[in-house]
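Here's the structure, in C-alpha cells; my notes come after.
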Amino acid sequence: SNFTFKIIYIIRDPRDVLISLSHHGNKSFLEIEQDMLNQEYKTIRKDSPFHREFLSTWENHVDSWLMFDIKPLIIRYEDILNDTRQEILKIFDWLGINALDRVEEIIEKTSFENLQSQERKYGFDEKRGKNLFFRNGKTNSWKNENFDFSRIEIKFKRTMEKFNYV
C-alpha cells in the first residue's frame with residue numbers, strides 16, 4: 001500500500017465477459033465458461049515475463065479486488081457506456097483531479113470507435129488471433145447468443161446481484 005494511492009476496478013457483466021473472452025481467445029463459449037468457473041484457472045502467456053497469470057473464477061477475481069485495505073472505486077463497464085461523462089467525473093473526484101475542461105477530449109480519445117481505429121492502424125499488444133481486441137464493446141451481447149448462461153448466473157448470483165447484473 002506504500003505504492004498504491006487509489007484503486008479503480010472496472011467490472012463487467014460476466015455473461016458479456018464470456019462472449020468477449022471467447023472472441024479474444026478464439027475459444028468456444030463452453031471452453032470459456034469452464035475457465036470462468038474454474039477456481040484454479042491460469043492462463044499461460046508466452047509474450048509475458050511472468051508466463052502464467054492466475055485468474056480463478058470471475059467472482060473470485062472481483063472479490064480479490066474488494067479485499068484490499070485501500071477500497072477501490074468500482075465502475076461498471078455498462079455505466080461507462082451509458083453515461084461516460086458522469087463516470088469520468090466520478091473517477092476524477094475519486095482521484096482528486098480537477099480537469100473538467102478536458103472531459104470532452106477524454107471522451108473523444110477513449111471512444112470505442114477511436115480505440116478500434118487506433119488498433120487497425122497501429123495494432124494492439126493484447127490482440128490474439130484474427131479478431132480485433134476492440135471488437136464490439138457493447139453491453140448485453142450475451143442476449144443475442146444461443147448459449148445457456150444459467151451456470152454462470154447460478155455460480156455468480158451473489159456478485160451479479162450486488163452489481164445489478166440480474
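The values are calculated or read from the model by the stated rules, or taken from the named source; none is laboratory data. Remember, predicted model here, so these are calculated numbers, not experimental data. Methodologically, a virtual Cβ is constructed for each residue, glycine included, from the backbone with ideal geometry; neighbour enumeration extends over all protein chains shown. Side chains included, ligands, DNA and RNA excluded: accessible areas come from the protein's heavy atoms. Shrake-Rupley method; radii C 1.70, N 1.55, O 1.52, S 1.80 Å.
Need one value: the accessible area of Ile70 in square angstrom, 1.4 angstrom probe, rounded to the nearest 10.
About 40 Å², ignoring ligands and nucleic acids.
Long-range amide H contacts for Ile10: which residues qualify at under 5 Å (H placed 1.01 Å from N, peptide plane, sequence gap of 5 or more or a different chain)?
Ile75
Heavy atoms only, 1.4 Å probe, whole protein assembly: order Ile88, Ile152, Ile107 by accessible area, highest first.
Ile107, Ile88, Ile152
Whole-Hz ³J(HN,Hα) for each residue in the stretch 67-84, computed from phi via Karplus 6.51 cos²θ - 1.76 cosθ + 1.60 with θ = phi - 60°, x for glycine and proline: what do you get?
Rounded to whole hertz, the list is 8, 5, 4, 7, 6, x, 7, 9, 10, 7, 3, 4, 5, 4, 6, 6, 8, 4.
In what order, largest first, do Leu89, Leu21 sit by accessible area if the probe radius is 1.4 Å?
Leu21, Leu89
Quick one: what are the phi-derived ³J(HN,Hα) couplings along the stretch 60-65, Karplus 6.51/-1.76/1.60 with θ = phi - 60°, whole Hz, x for glycine and proline?
My calculation for the stretch 60-65 gives 4, 4, 4, 4, 4, 6 Hz in order.
Please give the residues of the stretch 92-113, grouped as numeric ranges, whose backbone N is less than 12 Å from a label point set 7 Å along the Cα-to-Cβ vector of Lys6.
What the label zone holds, given the 12 Å backbone N cut-off, is 92-99.
What does the highest-first list of 72-78, 157-163 look like by mean Cβ count within 10 Å?
Per-residue Cβ counts within 10 Å, averaged per peptide and sorted highest first, yield 72-78, 157-163.
Cβ neighbours within 10 Å, averaged per peptide: list 11-17, 93-99 in order, most packed at the top.
Details: 11-17: 22.1, 93-99: 11.1.
Ranking, from highest mean packing down: 11-17, 93-99.
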